[in-house]
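Single-structure report; data block below.
The values are calculated or read from the model by the stated rules, or taken from the named source; none is laboratory data. Since we're looking at a predicted model, the values are computed, not measured. Glycine also receives a Cβ, built like all others from the backbone with ideal geometry; neighbour counts cover every protein chain displayed.
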Amino acid sequence: MSTERRYAIVDIETTGGLVKRDKITEIAIVLHDGEKVIDQYQTLINPERSIPAFITGLTGITNEMVSDAPLFCEVAKEIVLRTEGAVFVAHNARFDYGFLREEFGRLGYAYTRKQLCTVRLSKKLLPQLKSHSLDSLIRYFSLDVDKRHRALDDALATAEVFKIITGMGQGQREMSDIINMGIKEAKLPATISLDFIHSLPEAPGVYYFHDADGKVIYVGKSIHIKKRVIQHFTEISNKSGKLQQRVHDITFTLTGSELIASLHENAEIKKLQPEINRAQRRKSFPFAIYYYFDEGGYLTMKVRKKNKIESQGTAAILHELPDHKSAASYLRGLTDKFELCMKKTDIDTGPGACFYHQVGKCKGACLGLEDPDEYNLRVRQAVAATQQNIDEDFVITDQGREPGEISMILISKGRVMGWGYADETTPLMHVNDVIDHIKARPTMPEDRKFVAHYVRMGKFEKMLKL
């Protein structure tokens, strides 16, 4: 087995499963060189809140055990040093890594590591197994584990699983593929390394691809910059080929807010006119949910590209969205909330009654059993719920670029006047409280659509009327 890397095999115990609410009660880090364990570390952590009884029943960790344990801030440096330069390995890495990133975020530190999930690795190399839980793999490999759901014992068990699986035929190749999120070194531009890619932020913002002369040739945005940049170099497309050949450097601007990322990307593309973005010179929201009366008199909703919407006299666009997935998801949400027929919202296209009718959630519009006027009343309620009045003066507040900061977008009469950042303790009671923190921006024609979309989807923390 290759020993070029160091691996920090991590397991944590927590007060529950919600990253934003729950806290870590115990952590173990087993350092591995690819062949054997070379060091190990374990400590209880005072979560500064009570441990639920059912969690104590599962882990054996009690409130009394953690009362004198160190706080996370007191062991944070140790965790950083022990995992620095190593691949972060965990069984269900999203859980452990997510909790640690959240804890470090509260301290104002961006914790970033290459990651390897042994659940994903097991699924790749042992597809015949029905379950890839740690318990299942312990039984499958006949491992001896003293205390399940204690951090050190689980981390050592994960280390055994890791060693066995990575020693299988394709183990090393599959491991590298997961660590590098599917990207191959050969697919990267000559001046961009995998280490540089892994150093990109896992946060919302706008990123820029520069050519050898420093000119911006592509601008993009994402809620996870590193993941989106990697996708550019793993996709098979003409655009990816151009990027691979021409990108010399990558820079970025963090925004905190997904809405600000969308607004800023749009403005930057307009200002910089990047060459490779020219293929994207379509409208920002090319998909739409539209509705019309069908032959039976029922109001029917569908998702289509706007340039392919059937020309029907009664057709009207309900909501414009940036992609088919979000449009279909939004329409499904309306179908659920207002008990609409899946046939009439284009979700179920098969013969006979729709699935919702079979389970009692549709009143039979698909079979002509429900009176069209009664059905259409609920459709109109869905339409009314979708219409958002953004013509007033208000501020959208959302996450900032770092802990303790909030972002603010000032909207007046449907126009984005600008955005900025402030300390989360800043009182926002009047427009003057906001203006001091806002940097004015040129208004773009698409801004209203971006704002309306985010207001409808509720993707922000608060909206304050001024």
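Things worth noting here:
Here is a yes/no grid of residues against (1) among the β-branched types (Val, Ile, Thr); (2) touching a helix residue (DSSP H, G or I) at 6+ places or on another chain (Cβ under 7 Å); (3) buried (at least 21 other Cβ atoms within 10 Å of the Cβ):
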{"position": "9", "(1), (2), (3)": "yes, yes, yes"}
{"position": "30", "(1), (2), (3)": "yes, yes, yes"}
{"position": "54", "(1), (2), (3)": "no, no, no"}
{"position": "64", "(1), (2), (3)": "no, no, no"}
{"position": "76", "(1), (2), (3)": "no, yes, no"}
{"position": "80", "(1), (2), (3)": "yes, no, no"}
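- Of everything in segment 23-47 that is modelled with pLDDT of 95 or more and charged (D, E, K, R), the residue that is nearest to residue 164 (Cα to Cα) is 39.
- The one condition in (1) at pLDDT below 90; (2) assigned to a helix (DSSP H, G or I); (3) farther than 27 Å from residue 28 by Cβ that residue 177 fails to fulfil: (3)
- Where residue 221 falls short, out of the listed (1) touching a residue at least 24 places away in the same chain (Cβ under 8 Å); (2) in a helix (DSSP H, G or I); (3) basic (Lys, Arg): (2)
- Residue match in segment 282-300 (condition: of a type in the set (Gly, Ala, Ser), at pLDDT 90 or above and touching a Ser or Thr at 6+ places or on another chain (Cβ under 7 Å)): no
- Flag for residue 181 being farther than 30 Å from residue 416 by Cα, touching a Ser or Thr at 6+ places or on another chain (Cβ under 8 Å) and crowded, with 19+ Cβ neighbours inside 10 Å: no
- Counting the residues of segment 318-338 that are closer than 12 Å to residue 286 by Cα and modelled with pLDDT under 85 gives 6.
- Qualifying residue in segment 154-162 (condition: assigned to a loop (DSSP other than H, G, I, E, B), in the same structural domain as residue 61 (by TED's automatic domain parsing) and surrounded by 19 or more Cβ atoms within 10 Å (Cβ to Cβ)): no
- On the stretch given as segment 209-231, residues that are closer than 15 Å to residue 262 by Cα, out of contact with any helix residue (DSSP H, G or I) (no Cβ under 7 Å at 6 or more places or on another chain) and surrounded by fewer than 22 Cβ atoms within 10 Å (Cβ to Cβ) total 2.
- Residues located in segment 230-245, provided they are under 16 Å from residue 179 (Cβ atoms) and among the β-branched types (Val, Ile, Thr): 230, 234
- Among residues of segment 1-22 being small (Gly, Ala, Ser) and farther than 14 Å from residue 95 by Cα, the one that is modelled with the highest pLDDT is 8.
- When residues in segment 298-323 are screened for being touching a Pro at 6+ places or on another chain (Cβ under 9 Å) and either more than 21 Å from residue 447 (Cα to Cα) or part of a helix (DSSP H, G or I) (or both), 4 of them pass.
- Scanning segment 198-208 for residues that are closer than 18 Å to residue 84 by Cβ and touching a helix residue (DSSP H, G or I) at 6+ places or on another chain (Cβ under 6 Å) turns up 200, 201, 202.
- Considering residues of segment 193-213 that are over 27 Å from residue 398 (Cβ atoms) and part of a loop (DSSP other than H, G, I, E, B) only, the residue nearest to the chain's Cα centre (by Cα): 193
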